[in-house]
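Student: I'd like to ask some things about the structure below.
The values are calculated or read from the model by the stated rules, or taken from the named source; none is laboratory data. For clarity, every value in this text was computed on a predicted model and none was experimentally measured. FYI the Cβ positions are ideal-geometry reconstructions off the backbone, even for glycines, and counts take in every protein chain you see. Heavy atoms of the whole protein, side chains included, go into the accessibility calculation; ligands, DNA and RNA do not. Shrake-Rupley method; radii C 1.70, N 1.55, O 1.52, S 1.80 Å.
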Amino acid sequence: MTRHHALAIARQTRAHVVGLLDALDPVDFLDTAPLAVQAGRDRATALGDVSIASKLDRLPLGLVASDAVDRLTAALTGILDDEGADGDPTARVGRLAEAEPLDAWRSSSLEATRAHDARAERIADDNACPLCIDLAGPVPDFVTEPFTHAGCGCSIEPVA
């Protein structure tokens, strides 16, 4: 169920940021949109922390999303400035706005699972790509970050 909540946060963030793109001039958009995406990252990070703690019957760690506003501003500026694209930045802005909260949720879930010293399992999303389906199952160690890609809805879940 947590994946569905994370996807809802990601989709809300996408809708909000695309709405800002439609409503604001580029300067105001670049002042506002990175903060909206960061807010989505913040909500998704808290969701990951609290959901893992709940599944393990432990207290949340109080994880906080890293401040990505400068990076997001640069990425959104690049999208708006990219004249080689199809001319309409809406799809690319939307993908970034949706992927960021998902990445933050996945990272906080993984960090919380590690911090609680729990074993983990990778759960493939309902619309998972073939590679993610192949990677589903127990995560053997936490030496490296599990594979993800933009828009990946797969999750890391603790195993009791």
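Student: Taking the range 68-85 as the search range and keeping residues that are among the charged types (D, E, K, R) and assigned to a helix (DSSP H, G or I), which one is modelled with the lowest pLDDT?
Tutor: To start, the set of residues in the range 68-85 that are among the charged types (D, E, K, R) comprises 70-71, 81-83.
Filter again for assigned to a helix (DSSP H, G or I), leaving 70-71, 81.
Details: 70: 98, 71: 98, 81: 92.
The qualifying residue modelled with the lowest pLDDT is 81.
Student: Hey, could you check the range 86-120 for residues that are farther than 21 Å from residue 13 by Cβ and not in a helix (DSSP H, G or I) and say which is most open to solvent (accessible area, probe 1.4 Å)?
Tutor: Top of the filtered list is 119.
Student: Can you work out which of the residues in the range 121-132 that are in a loop (DSSP other than H, G, I, E, B) and of a type outside the set (A, V, I, L, M, F, W, C) is surrounded by the most Cβ atoms within 10 Å (Cβ to Cβ)? Even if it seems obvious, please write down each step before you answer.
Tutor: Going residue by residue through the range 121-132, those that are in a loop (DSSP other than H, G, I, E, B) are 124-129.
Filter once more, so that each one left must be of a type outside the set (A, V, I, L, M, F, W, C): 125-127.
On the way: 125: 18, 126: 8, 127: 11.
Selected residue: 125.
Student: Also: Pick from the range 23-67 the residues that are part of a helix (DSSP H, G or I) and without any contact (Cβ under 8 Å) to a residue 12 or more places away in the chain: which of them is surrounded by the most Cβ atoms within 10 Å (Cβ to Cβ)? Before the answer, list the steps.
Tutor: So in the range 23-67, the residues part of a helix (DSSP H, G or I) come out as 23, 26-55.
Cutting the leftovers down to without any contact (Cβ under 8 Å) to a residue 12 or more places away in the chain gives us 23, 27-28, 31, 50, 54.
Values: 23: 10, 27: 8, 28: 11, 31: 13, 50: 18, 54: 12.
Looking at the filtered set, the residue picked out is 50.
Student: Collect the residues in the range 91-138 that are out of contact with any strand residue (DSSP E or B) (no Cβ under 9 Å at 6 or more places or on another chain) and β-branched (Val, Ile, Thr), keeping them in residue-number order.
Tutor: Hits for the range 91-138 are 93, 133.
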